Each structure stands twice: as structure tokens, then as C-alpha cells.
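Below is one structure; the comments refer to it alone.
The values are calculated or read from the model by the stated rules, or taken from the named source; none is laboratory data. Note that the structure is predicted; figures quoted are calculated from it, not measured. In this analysis, Cβ positions are derived from the backbone assuming ideal geometry, glycine residues included, and neighbour counts consider all displayed protein chains. The accessibility values were calculated without ligands, DNA or RNA, using every heavy atom of the protein model including side chains. Shrake-Rupley method; radii C 1.70, N 1.55, O 1.52, S 1.80 Å.
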Amino acid sequence: MAAIGQLKALIVGAPEELRAELRGRSTSSQVASCATLRQRPTRSLEHRATVRALRATAARIQLLQDEADQLQAELTVLVGAVAPWLLEVPGVGPLSAAQVLVSWSHAGRFRSEAAFAALAGTNPIPASSGQVTRYRLNRGGDRQLNRALHTILLVRLRIDPDTRTYMARRTAEGKSRRDAKRCLRRVIARQLFRLLERYDQPGVKILRAA
């Protein structure tokens, strides 16, 4: 968030007394502390101006966070009304689910799973040279959808043992972590597409990375 970056910059350039007061804290703690800073009339003009800027920036961050929380709650309701099962897929939260649904649009829009992967920028692009066969990342497609898939991937790597096993297997085969993640995004795109194409059918089983 740009506002957080502004707050961090203000802290770095603040008088030493303020820096010492805020140094070593987590971002959330710094925001909460800056929002409650009080003017100290006996301090220098620079100190008072910095306190005012820190307090205003922290208040803006809190306001934006409250708005983001409200919008996420509304998205959760909307996704739950359209495809509640999507929120049960490992790693999929309301924001990524909403982006996937918007990009997919409706059943039949894509002629194949490969076409959906191409839109998501997860299809491999040949980058072979001589006798070396390799693929590179696709920088095209819907970058918001690609970002949503990347977010799902990061969450799965943290919480899903099957995804970590897949990553370990791919790296053991000689792939770099970057290439292994590219393969995983392709797997996730395939799984989501197959689920989305038949989401209105009862008894759909949630797939996991394997």
C-alpha cells in the first residue's frame, strides 16, 4: 500500500526521538502508535510537523484498511452467492476467487483449458536454444488473473502439504524454483478451469495439487 510506504519514509526521516520510539515495531504497531501521537509544544517545529504528518498518514491507512475490510466482506458474500464451493478450494480467498470468476466469466467462453491458461499467462512459452529444451514465463494475458493464481500458489505453499510435495518433486527433477512455480500455476489454472466449467453440477469434488 502506497500510504504505508509514505509512513515508513516519514519514520526514516523523523527526528531521532520519534525514530527511536517507533523503531523495531511491526507495521501494524507503527500505524497504531502514529495514529495516537500527540503534539508536544516544547519540541522543535520539525518534531511537531513530523508528528502531524505521521498522525495524518496513519489515520489514512486505518481508513483505507477499514474500507478494504468492508469491500472484502462484500466480495465474500457475492462469491458465496455465485460459487460458494470456490472458497473451499485450498488457497483461494474472496479476492482471488472474485478475480477468477470475473476473468472466467461463464461456461463455454474458452474453447479449452489451454485457452484459459493462455489468458492467465500460465501456459509455457518455448525458449529452447540448441540442444537445451526449456520454457519461460508468459508475460502476457490477464495480469490480474495471473496475480490471483500466484497468490493462491503462495498460500498453498504455506498451508498445503500436497503443493509442497509437488514443489519438492519438481525441484528434485532439476527445475528451478521459478520454473516449478510456473508449473504449479499451470496446475492451479487447470484445476480451477475444470471446476468452473461444471460449477453448477452437484457433488463436485474439490481438487488438490498433485
For this session: State to the nearest 20 debye the size of the charge dipole of the chain about its Cα centre, where the only charges are +1 on K and R beta carbons and -1 on D and E beta carbons.
Result: 840
Exercise. To two decimal places, what compactness ratio does region 67-125 give when its Cα radius of gyration is scaled by 2.2 N^0.38 Å?
Worked result: 1.26
For this session: Find me the longest stretch of the chain that has none of the exposed trypsin sites (Lys or Arg not before Pro), where exposed means in a DSSP loop (not H, G, I, E or B) with at most 15 other Cβ atoms within 10 Å.
Result: 44-108
For this session: Working from Cα positions, state the angle (0 to 90°, nearest 10) between the long axis of helix 177-197 and the longest principal axis of the chain.
Result: 70
Seminar exercise, completed: For residue 125, the residues 5 or more places away or on another chain with a placed amide H closer than 5 Å to its own amide H are 136, 138
Exercise. In what sequence, largest accessible area first, do 1, 167 appear using a 1.4 Å probe?
Worked result: 1, 167
Exercise. Relative to the longest principal axis of the chain, what angle (0 to 90°, nearest 10) does the C-alpha long axis of helix 2-12 take?
Worked result: 40
Exercise. Separation between the residue 171 and residue 69 pseudo-spin-labels, each 7 Å from Cα along Cα→Cβ, expressed in nm?
Worked result: 3.6
For this session: Can you send over the solvent-accessible area of residue 12, 1.4 Å probe, protein chains only, in Å² to the nearest 10?
Result: 110
For this session: Calculate, in nm to one decimal, what residue 85 and residue 125 gain on full extension: separation in residues at 0.36 nm each, minus their alpha carbon distance.
Result: 11.2 nm
Exercise. Over the chain, with a single point scatterer placed on each C-alpha, what log10 of the ratio I(q)/I(0) does the Debye formula yield at q = 0.10, 0.11, 0.16 1/Å?
Worked result: -0.63, -0.71, -1.02
Exercise. Of 51, 71, 81, which is farthest along the charge dipole of region 50-89 in the positive direction, counting Lys and Arg as +1 and Asp and Glu as -1 at C-beta?
Worked result: 51
For this session: Report, in cubic angstrom per residue, the convex hull volume of the C-alpha atoms of region 28-132.
Result: 208
